[in-house]
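Read the figures in this text as sums done on the coordinates, not as results from a lab. As the structure is a prediction and not an experimental result, all values here were calculated from the model. Here the Cβ positions follow ideal geometry from the backbone for every residue, glycine too, while neighbour counts run over all protein chains shown.
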Amino acid sequence: MEDFPSYIKTKKEGKLDEIIEELESKLNPCVLCPRRCRANRYAGDLGYCKAPYDIYISSSFAHFGEEAPLVGVYGSGTIFFTHCNLRCIFCQNYDISLFGEGSHCSYMKLARIMVELQNRGCHNINLVTPTHYVPQILKALSIAIDEGLHLPIVYNCGGYESLEVIRLLEGVVDIYMPDIKFMEKALSKKYCKAEDYPDVVREVVKEMHRQVGDLQVDAQNIATKGLLIRHLVMPDSSENTKKVLEFIKEEISENAFVNIMAQYHPCLGTEEFPELSRRITNREYIEALEYAQLIGLKRASNH
C-alpha cells in the first residue's frame, strides 16, 4: 500500500524533519514529558527520568509475548529503551526503567536494528518507553526509512505523555499503546509520584484515539493502525480499574481494544506498601473482565 505506514508520506512531504526540529527544541531544557524538569540534556544534565541525551537501549528482539495482533506469526519487533519518566514503584522492568541497564545506541545503529527486525519478518517496530528519547528515535527512523523500513511504529508507553509531543507525532505513529494505570489521583501520587497522571492520561489517550482511531487489523489479524490500550489489574484496586474501564467506554470508544492484564507481581519498591505485597486473586481479575463486559466494552479481555 502506497504511503503506508503514515511516516512514509510524512517524510516524503518533508514534514518529518520539521517534526524532529520541533521535538529537539524541547530537549534543552527538557520538557518532553509532563514532569517538565528542564534538564539541559545537551550539556549532560540528567533530568527526572535520569536519561542522558544519547539513546540507550536494553534489548531488541522479536517479541512473542505481546498482544496477538502485534505478535502475529513472526513477532513484534520490540526495542526496550532505558529509563522512564514515570518511575512506578511496582515496575516489573525496574532494572531497565530505574537503573538504566543498557548500552549506547547511535542513530545509525538504531535504524539498522529497525530494518533487521523487519528483515526477520516482524510485523511492527515496537518502541517501549520512548517518551524521553522521541527526537532521537525519529532521527533514527528517518535513516531507517531511507533503508527501506515500512513497518507500523508502535508507541508503547505508560500514558504519562506531553500532549504537545503526542500531537506532533501525528503522521508518524500508526499504533499507540498506552498503559492506563490510574484514574485515582491518590494512587498515582502514592505509587508513581505523579498526582496529575489521571488528568494527563485522559487527554493524551483522547488525542491518540483522535489521530488513529480504534485498532484496525488486516486479513491475517495483524494490527495495522489504531489504539491498543493496556490496563494492569492491581491488588485492592477494583474501584480504580472500574474508573479506567468507564473512562475508556465513555470517552474513547466502546470498540476500543483493551488488554486487561493479570501479571502484576511484587517487586523492588513494593515492600514499603503491604497492600502490594501479593499477586491479585482470580476473583479480582474475573471481576475486572466482567465489569468490562457489563458496561459494554466490546473488545476488552485478556489479549
Q. With each label point set 7 Å from Cα along the Cα-Cβ vector, what nm distance links Ile295 and Ser59?
A. 3.4 nm
**Q.** Extension gain, Asp236 back to Asn282 (0.36 nm per residue minus Cα-Cα distance, nm)
**A.** 15.3 nm
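Given the Cα-Cα distance of Glu195 and Phe273 and 0.36 nm per residue of separation, how much length would full extension add, in nm?
Once the chain is fully extended between Glu195 and Phe273, it gains 26.3 nm.
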Q: Tell me the label-point distance for the pair Val73, Val217, using the 7 Å Cα-to-Cβ offset, in nm and rounded to one decimal.
A: 1.6 nm
(Q) If I take R0 = 22 Å and measure r between the Cβ atoms of Lys206 and His150 in this structure, what FRET efficiency does the formula 1/(1 + (r/R0)^6) give, to the nearest 0.05? (A) 0.15
Q) What is the spin-label model distance, in nm, from Lys243 to Lys185 if the labels are put 7 Å beyond Cα along the C-beta direction? A) 1.0 nm
Q: Take the alpha carbon gyration tensor of segment 47-191, find the square roots of its eigenvalues, order them as a ≥ b ≥ c, and report rounded if a/c is under 1.5; if not, report prolate when a/b exceeds b/c, else oblate.
A: prolate
(Q) Can you compute the helix-only [θ] at 222 nm over the chain? Use -39500 (n - 2.57) per DSSP H run of at least 4 residues, normalise by all residues, nearest 500 deg cm²/dmol. (A) -10000 deg cm²/dmol
Q: Determine the relative contact order of the chain: mean sequence separation of Cα pairs under 8 Å and six or more apart, normalised by residue count, in whole percent.
A: 15 percent
